[in-house]
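As structure tokens, the structure follows; a few thoughts come after it.
The values are calculated or read from the model by the stated rules, or taken from the named source; none is laboratory data. Here the structure is a predicted model, which means the values were calculated and not measured. Neighbour counts are summed over all protein chains in view; Cβ atoms, including those assigned to glycine, are modelled from backbone coordinates with ideal geometry.
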């Protein structure tokens with residue numbers, strides 16, 4: 001068992017304050033994480049973590065050691081990059097994406113990334129809730145709304161126009177309820193449909209069924225417009241709107257090289 005592996009494991013536990021979350025993040029059994037921490041503490045002759053059945057906290061020695069380890073790992077990543085070992089980056093990167101992100105575009109993006117980095121694996125979680133980088137073990141997240149809080153960095157990548165969409169021929173049918181899932185404070189009350197949701201994926205399905213009209217991101221509906229399934233138009237209301245796309249990641253945490261690579265790639269590919 002290498003000392004570097006023990007240190008990397010300690011950094012994950014120390015940043016997340018959770019053996020279980022660190023194990024998920026590293027793709028290891030919880031018992032292996034525990035063994036690595038115990039081995040490292042024995043080698044150092046110091047207790048790094050205080051743990052009970054419910055909580056994990058850093059000791060004073062653990063706090064100091066964590067800061068040194070983070071800087072050391074960042075320097076190691078810089079050294080790897082300086083000699084061109086990007087193609088040898090390996091391991092799993094966990095990415096969270098919203099349900100409304102066009103699946104065909106996501107598949108194309110990630111497939112191209114994997115071609116460039118054959119030793120990296122991707123685990124993609126599709127969810128609209130605010131991501132918890134500790135509990136979920138995520139490395140990066142794409143989000144349109146509620147990108148996070150003060151503990152994360154939310155980098156704006158682009159803004160997508162909002163347009164009015166309806167099943168072909170129904171764009172100006174006033175009998176069809178209007179839905180505005182991108183407007184945070186708009187009351188979601190469908191007369192005759194009785195479905196309330198802020199899910200853009202579900203809203204699009206209802207539009208495709210001819211049940212409603214809706215204001216949705218242009219990118220989400222583009223393929224259906226091109227196929228003639230949906231009609232679209234700008235209105236005075238939609239011209240004032242757009243949907244932001246953010247890349248979200250934890251603030252102040254050591255970012256493994258493989259995660260840095262995907263972060264850079266997503267910024268390059270998705271920035272306006």
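Brief remarks on what is shown
- Residues of region 92-101 include none that is more than 30 Å from residue 181 (Cβ to Cβ), outside the structural domain of residue 153 (by TED's automatic domain parsing), surrounded by 13 or more Cβ atoms within 10 Å (Cβ to Cβ) and out of contact with any strand residue (DSSP E or B) (no Cβ under 6 Å at 6 or more places or on another chain).
- On the stretch given as region 225-244, residues that are without any contact (Cβ under 8 Å) to a residue 40 or more places away in the chain and not in a loop (DSSP other than H, G, I, E, B) total 3.
- Close pairs (6 angstrom Cβ cut-off, 6 or more residues apart or separate chains): assigned by TED's automatic domain parsing to the domain that holds residue 244 and over 14 Å from residue 215 (Cβ atoms) in region 169-198, at pLDDT below 85 and part of a loop (DSSP other than H, G, I, E, B) anywhere: 196/188
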